[in-house]
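Values quoted throughout were computed directly from the atomic coordinates according to the rules given, and no laboratory measurement underlies them. What you are looking at is a predicted structure, and each value in this text was computed from that prediction instead of being measured. For neighbour counting, all protein chains shown are included, and Cβ atoms are generated from backbone atoms with ideal geometry for every residue, glycine included.
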Amino acid sequence: MNQLGLWLRGFIPGPVVVNATERLRACCGALLGILLTGLVSHWVLGAGAPLPLLIAPMGASAVLLFGVPASPLAQPWSIIGGNLVAAVIGVACARWIHDPLLAPAFAVSAAIGVMFALRCLHPPSGAVALTAVLGGPAITGMGFHFVLIPVLLNSFLLLLVALLFNNATKRRYPHSAHQDPAKLHHTKDQPSGVRVGFTQEDLDYVLQQYNQVLDVSRDDLESLILQTEMHAYQRRFGAITCADIMSRDIVSVDYGTSLEDAWALLLKHRIKALPVINSARRLIGIVTQTDFMRQVDLQVYTGFEQRLKQFLRRTTGTHSDKPEVVGQIMTVAVKSAAWSTHIVELVQPLSDSGIHHIPIVDDENRLVGMVTQSDMVAALYRGNANLTAPN
């Protein structure tokens, strides 16, 4: 009985983990998608058209496009390519296979095979193939015109609504693959963040052994695993936040600080970055040694020291063609973190993004500290030492 109970329990799906807002978002998207597709199709075909304004498979496509827009089966090429392929195959089977049982079976089977080959697998397309074969005299009489209207028309309109609605409701669509981490040093070495733990090759190998289609992209699966690891680290290390490890006595400058003074501060305090703040201590940028070096032609190796001194020297006249103050060379799109941020969330930007210093701000974006790579190394070492220390 226990084995039977476990087997029967497999028929009951697990709970849906999305919240009520996401469910309402999907329902509203499907409402708009089907309604607008029907209205535009009615306008294109006219009131007295003998064809259906909407074909039934569009309902299944709406479930994917608005309910699970991150699914590989819901991407633009999946719905357009899959539905077109299935429609062509379905019409061909209806015209050339006269057995009423063999025609629909072969249409669905062939559609799946071609969709696999063209990488446009879309479950509702199986229903498109069936509709082409079993849709009745009005549809079968259209022949291959059925592929364009209503199949392509319905698919294109529904996709257009999905593109607009999903992005307007902050759902990335199309759900493109994540970019590989940049190799900042242009060497064969992998970024430091992926040298430990599982690699992309490990995940690809496991997916190949699994040998089944997953309704989640490979990149999203990798991201979910990495986020799970990060959550586990947070649980192990406890609530160690940026406020616990940051330097608080921060040397900073304002927009109008001269380049000469800013460089002198970098040398005096043996630091490599200066946060730039306004009169209210709100962070507006950061200036680093790299920003200074970028202003001097590093491709010319001779006379570098002299050129740097000339760049830093203040102009005595009222007009200058070269930058004179920090605000003219600072990085405006500065990566910062809230003081309540867990330190694990800083591992990736400090290890793989070419960032060596992260300004820490309070809830009103006022500068309160700085976390460097050295701070992170010390914090992670001490946290790990505490975990492994004998009780």
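Which peptide among 72-81, 142-151, 99-108 comes first, and what is the full order, when sorted by highest mean count of other Cβ atoms within 10 Å? Please report the intermediate quantities before stating the final value.
On the way: 72-81: 22.0, 142-151: 18.1, 99-108: 16.2.
The packing order, highest mean first, is 72-81, 142-151, 99-108.
3J(HN,Hα) couplings calculated from phi for the stretch 3-18 with the Karplus curve 6.51 cos²θ - 1.76 cosθ + 1.60 (θ = phi - 60°) are, in sequence order, 5, 5, x, 5, 5, 5, 5, x, 6, 9, x, x, x, 6, 8, 6 Hz; Gly and Pro show x.
Would you mind giving the average projected area, over all directions, of the Cα convex hull of the stretch 19-168 in nm² with one decimal? Could the numbers behind the result be given before it?
Working: hull surface 35.1 nm².
Convex hull of Cα atoms, orientation-averaged projection: 8.8 nm².
Here Ser223 and Leu101 are evaluated by their C-beta separation; at R0 = 45 Å the FRET efficiency comes out at 0.50. Computed from phi, the 3J(HN,Hα) profile of the stretch 135-149 under the Karplus parametrisation 6.51, -1.76, 1.60 (θ = phi - 60°) reads x, x, x, 4, 7, 5, x, 6, x, 6, 5, 4, 5, 7, 10 Hz, with x in place of Gly and Pro.
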